[in-house]
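Working notes, structure below.
The values are calculated or read from the model by the stated rules, or taken from the named source; none is laboratory data. Please read these numbers as outputs of a predicted model, since none were measured by experiment. Here the Cβ positions follow ideal geometry from the backbone for every residue, glycine too, while neighbour counts run over all protein chains shown.
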Amino acid sequence: MAEENYIKITESMYSLQHFTIPKHYEEAVESVILPHGLIMNRIERMARDIHECFNDESLKILCILKGGYQFCNDLTHYIKALNRGSGKSIQLGIDFLRVKSYKNDQSSGEVNIIGGDDLTHLKDKNVLIVEDIVDTGRTMERLLKTLEKYQPKSVKVAALLIKDHNRGTGYKPDYIGFQVPDKFIVGYALDYNEFYRDLNHICVISESGKKKYSI
Ligand code: 5GP
């Protein structure tokens with residue numbers, strides 16, 4: 001995929017007063033970085049790009065919880081619409097995983113997979129990992145390494161967001177929605193200590209939000 005095949009957001013351009021924010025988060029976010037409508041429009045196009053990449057094969061979607069659930073739900077909604085509205089149809093299977101980096105075994109470069117079905121069913125299948133955000137890329141690189149042992153036919157990664165910095169491993173997902181500034185962002189299922197998942201827009205957290213929801 002060409003490097004520029006995603007939208008680069010360079011600053012927090014939207015003032016809160018132009019959008020509806022739930023009262024409980026009014027003081028807890030600084031600005032809107034991605035309005036919900038824009039997120040949906042971009043995901044619709046990502047679904048088309050993914051649909052075009054596969055022929056009438058089946059696809060196993062691995063949704064990375066918790067942050068990826070909203071993106072995964074909307075992405076599969078649009079892929080299913082393409083299945084109904086075009087001559088081609090890709091049968092979707094879905095599984096949900098939580099991943100945790102091994103604490104005492106960094107050198108293995110693997111992740112601990114929590115929940116989900118037994119992944120041996122991935123053997124010889126096309127797999128699409130659906131993740132909310134890739135920051136340094138370490139989690140995804142480890143997950144990809146861990147999945148290798150299940151011998152899938154192919155593995156692609158769709159991430160709604162990547163961060164704009166050079167601190168990472170250099171890993172780039174196959175499908176990317178937006179590149180966002182290097183700030184802590186919340187909303188659209190991305191959380192801060194489990195809060196903000198119920199916010200539709202993707203926003204920059206405010207200092208008072210960090211204080212209010214710190215543990
Ligand atoms: P990585 O291993 O790529 O550095 O980290 C990826 C994970 O870090 C994501 O799945 C997400 O859980 C978390 N993360 C990184 N940046 C942010 C952010 O700005 N906001 C939120 N809510 N989570 C983030």
*State whether one or more residues within region 159-166 are of a type in the set (Asp, Glu) and outside any helix (DSSP H, G or I).*
yes
*Is it true that Gln151 is more than 12 Å from the ligand (Cβ to nearest atom), within 18 Å of the chain's Cα centre (by Cα) and either more than 20 Å from Leu92 (Cβ to Cβ) or polar (S, T, N, Q) (or both)?*
no
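Every residue, every condition in (1) loosely packed, with under 14 Cβ neighbours inside 10 Å; (2) closer than 16 Å to Tyr196 by Cα; (3) not aliphatic (A, V, I, L, M), yes or no:
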{"position": "Ile9", "(1), (2), (3)": "no, no, no"}
{"position": "Leu16", "(1), (2), (3)": "no, yes, no"}
{"position": "His24", "(1), (2), (3)": "yes, yes, yes"}
{"position": "Glu30", "(1), (2), (3)": "no, yes, yes"}
{"position": "His36", "(1), (2), (3)": "no, yes, yes"}
{"position": "Met40", "(1), (2), (3)": "no, no, no"}
{"position": "Ala47", "(1), (2), (3)": "no, no, no"}
{"position": "Ile50", "(1), (2), (3)": "no, no, no"}
*Kindly provide the set of residues from region 15-69 that are within 16 Å of the ligand (Cβ to nearest atom), farther than 13 Å from Ile202 by Cα and not in a loop (DSSP other than H, G, I, E, B), ordered by number.*
Leu62, Cys63, Ile64, Tyr69
*asked:* I need every pair where a residue in region 183-204 that is over 10 Å from Leu34 (Cα atoms) has its Cβ under 6 Å from the Cβ of a residue that is more than 9 Å from the ligand (Cβ to nearest atom) and among the aromatic types (Phe, Trp, Tyr), sequence separation at least 6 or different chains.
replied: Ala189/Tyr69; Tyr192/Tyr213; Asn193/Tyr213; Phe195/Tyr213; Leu199/Tyr25
*Can you name every residue in region 132-158 that is in contact (Cβ under 8 Å) with a residue 12 or more places away in the chain, more than 22 Å from Ala189 (Cα to Cα) and part of a loop (DSSP other than H, G, I, E, B)?*
Tyr150, Gln151, Pro152, Lys153
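Here is a yes/no grid of residues against (1) out of contact with any Pro (no Cβ under 8 Å at 6 or more places or on another chain); (2) modelled with pLDDT under 95; (3) more than 10 Å from the ligand (Cβ to nearest atom):
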position: Asp135; (1), (2), (3): yes, yes, no
position: Asp164; (1), (2), (3): no, yes, yes
position: Gly170; (1), (2), (3): yes, yes, yes
position: Tyr175; (1), (2), (3): yes, no, yes
position: Lys183; (1), (2), (3): yes, yes, no
*asked:* Quick check on region 84-128: of everything there that is modelled with pLDDT of 85 or more, of a type outside the set (A, V, I, L, M) and part of a strand (DSSP E or B), which residue is nearest to the ligand (Cβ to nearest atom)?
replied: Arg98
*If you check Thr146 against the conditions, is it surrounded by fewer than 16 Cβ atoms within 10 Å (Cβ to Cβ), modelled with pLDDT under 95 and within 20 Å of Phe96 (Cα to Cα)?*
no
*Limited to region 167-190, what total is found for residues that are more than 12 Å from Tyr25 (Cβ to Cβ) and in a strand (DSSP E or B)?*
8
*Hey, any hits in region 191-206 for a residue that's more than 8 Å from the ligand (Cβ to nearest atom), in a helix (DSSP H, G or I) and in contact with a Gly (Cβ under 9 Å, 6 or more places away or on another chain)?*
no
